[in-house]
Amino acid sequence: MKMCEQHVVPLSRQAVAILRGIHGYSGDTKYVFPSVRTFSRPISDNTINGSLRRLGYSSEQMTGHGWVRRRQRSRRPFENSRGNGSRFSTAT
């Protein structure tokens, strides 16, 4: 749901293959990355930020939200001349 309306994003075959591969780790939950405490909630921002800190990024260098935005920007070179291209959605 996004803004109280259903939000459908079509996925490429490659994206579906990746999600099917991850399914072995996340199991039959509704989240690709469930919480470590309960599968009924998504992974927390603090878990993502803690992982970034362990990878060596300071809070001034990178946050979970900043990492997602950086990945989105890094995809732009793969867009075609009309601006369409392989993009991913982080909408929930």
query = Can you run phi through the Karplus equation (6.51, -1.76, 1.60; θ = phi - 60°) for the stretch 36-46 and list ³J(HN,Hα) in whole Hz, with x for Gly and Pro?
reply = 6, 8, 8, 6, 8, 10, x, 4, 7, 4, 5
remark   = Against the 2.2 N^0.38 Å rule of thumb, the C-alpha Rg of the stretch 1-70 sits at a ratio of 1.31
task = When a/c is below 1.5 the answer is rounded, else prolate if a/b is larger than b/c, else oblate, so apply that to the stretch 2-41 with a ≥ b ≥ c taken from the square roots of the Cα gyration tensor eigenvalues.
result = oblate
note = The answer for residue 43, listing residues at least 5 apart or on another chain whose modeled amide H is closer than 5 Å to its amide H, is 33, 35
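Each reported figure results from applying straightforward, stated rules to the coordinates on display, with no laboratory input. Predicted model, so just to flag it, every value in this text is computed and none were measured.
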